[in-house]
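The structure under discussion appears below in the form of structure tokens.
The values are calculated or read from the model by the stated rules, or taken from the named source; none is laboratory data. Owing to the predicted nature of the structure, the values given are computational and were not obtained by experimental measurement. Please note: Cβ atoms are built from the backbone with ideal geometry, for glycine as well, and neighbour counts cover all protein chains shown.
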Amino acid sequence: MRVGVLTGGGDCPGLNAVIRAAVRKGVQQYHYEFTGFKDGWRGLLTGAAVRLDIPAVRGILPRGGTMLGSSRTNPFKERDGVRRIRENLAKDEVDALIAIGGEDTLGVAARLWEQYGIPCVGVPKTIDNDLSATDYTFGFDTAVGIATEAIDRLHTTAESHMRVLVVEVMGRHAGWIALHSGLAGGANVILIPEQRFDLDEVCGWVTSRFRASYAPIVVVAEGAMPQDGDLVLKDAAAGLDSFGHVRLSGVGEWLAKEIERRTGKEARTTVLGHVQRGGTPSAFDRWLATRFGLHAIDAVRDGDYGVMVALRGTDVVRVPLAEATARLKTVPLERYEEVKVFFG
Ligand code: F6P
């Protein structure tokens, strides 16, 4: 039995931990062989592959990024994509595939299984934590930790200079990173994509914070939008990726300018960007990613394809890939309302 492994989409701390766990258990307990495909689905289209064995995965548990490389390649947008995938799987004699990725990568895996019978097992990763079938994705805890540390540090400058400091965090169309890091970091305003914000209300919170002789920290998710009208804040030059996503950017800068103009208080922006995806995974993410890897190889052993491993409470379960990729998990309104007591 030979198992293929690939990592697709944005990199994320914990990817290497999944690869290590699947290979360790697969080789030691089931005597499987492994092929790693390079750069996500691109490696399966081009045949770029490496052999994975236990020595190849030694020492990678604490390493961020992915030893296999990643890309946002969509094989369904490529000519003869499925035929090329089949050929490369056959060339390497790969019997089953573990795809580690977010909604896009797993959406491809779901389709390859459902429509073409290519045996896939999915593992959910993303710092955005926006996959509905799992309580948590690995990478999220690390990103929240990094953002929280940044907010802690920014408090001291905000207080010293009595400035408004706006922190723009990632998360695409979900506000999880903003919500968790904003709460953990004691932000005075948290703005998420799930609820459009009223600029007057934001300025009111900022002003009331100054009245209490403290300087405000405003955490804004990159996908957050004001009530009145859509901002064109995407990076227009970057266009769309092959899954149709825009590159979000700029709400933090825009917001700081508006706050400064309306309140007369100096406002500055820090965009955390890819720092949130970098570096070593937190202990929680290593734990979760390792367990996902172990359960993914068990699904392969059971011939249980078309599933994704998922965290439910403290258990790792299997859910149909189709269900897992059907909708995004966004922040429920009541969860957002809960933290508003700290605003202002
Ligand atoms: O999905 C993870 C993520 O980091 C999002 O939070 C962000 O919008 C996007 O990827 C950025 O993607 P890229 O690194 O391709 O610009």
List, please: which pairs have Cβ atoms under 7 Å, are six or more places apart or on different chains, and start with a residue in segment 1-18 that is at positive phi and within 16 Å of the ligand (Cβ to nearest atom) and end with one that is of a type in the set (Asp, Glu) and not in a loop (DSSP other than H, G, I, E, B)?
Gly9/Asp104; Gly14/Asp285
When segment 218-274 is checked residue by residue, the ones that are within 12 Å of the ligand (Cβ to nearest atom), at pLDDT 95 or above, over 18 Å from Gln195 (Cβ atoms) and in contact with a strand residue (DSSP E or B) (Cβ under 7 Å, 6 or more places away or on another chain) are Val271, Leu272
Residues located in segment 30-49, provided they are closer than 22 Å to Asp298 by Cα and not small (Gly, Ala, Ser):
Tyr30, His31, Tyr32, Glu33, Phe34, Thr35, Phe37
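One line per residue, one yes/no per condition, for (1) assigned to a strand (DSSP E or B); (2) of a type outside the set (Lys, Arg):
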residue: Ser242; (1), (2): no, yes
residue: Leu255; (1), (2): no, yes
residue: Glu260; (1), (2): no, yes
residue: Arg286; (1), (2): no, no
residue: Phe292; (1), (2): no, yes
residue: Leu311; (1), (2): yes, yes
residue: Val316; (1), (2): yes, yes
residue: Ala322; (1), (2): no, yes
residue: Val339; (1), (2): no, yes
Being out of contact with any Leu (no Cβ under 6 Å at 6 or more places or on another chain) and modelled with pLDDT under 95: is that true of Arg312 here?
no
Under the condition of being among the polar types (S, T, N, Q) and surrounded by fewer than 22 Cβ atoms within 10 Å (Cβ to Cβ), which residue from segment 88-143 is farthest from the chain's Cα centre (by Cα)?
Asn88
Given the condition under 24 Å from Thr290 (Cβ atoms), in contact with a strand residue (DSSP E or B) (Cβ under 8 Å, 6 or more places away or on another chain) and buried (at least 22 other Cβ atoms within 10 Å of the Cβ), answer yes or no: does some residue in segment 149-156 qualify?
no
Counting residues that are away from the ligand (no atom under 16 Å from the Cβ) and under 30 Å from Ala224 (Cα atoms), which helices (runs of 4 or more DSSP H) fully inside segment 49-166 reach at least 3?
140-161
Please specify each residue of segment 281-305 satisfying the condition of being out of contact with any helix residue (DSSP H, G or I) (no Cβ under 6 Å at 6 or more places or on another chain) and crowded, with 16+ Cβ neighbours inside 10 Å.
Leu288, Arg291, His295, Asp298, Ala299, Val300
Please state which one of Glu93, Glu103, Glu87 is in the same structural domain as Pro124 (by TED's automatic domain parsing) and free of Cβ contacts under 8 Å to residues at least 60 places away in the same chain.
Glu87
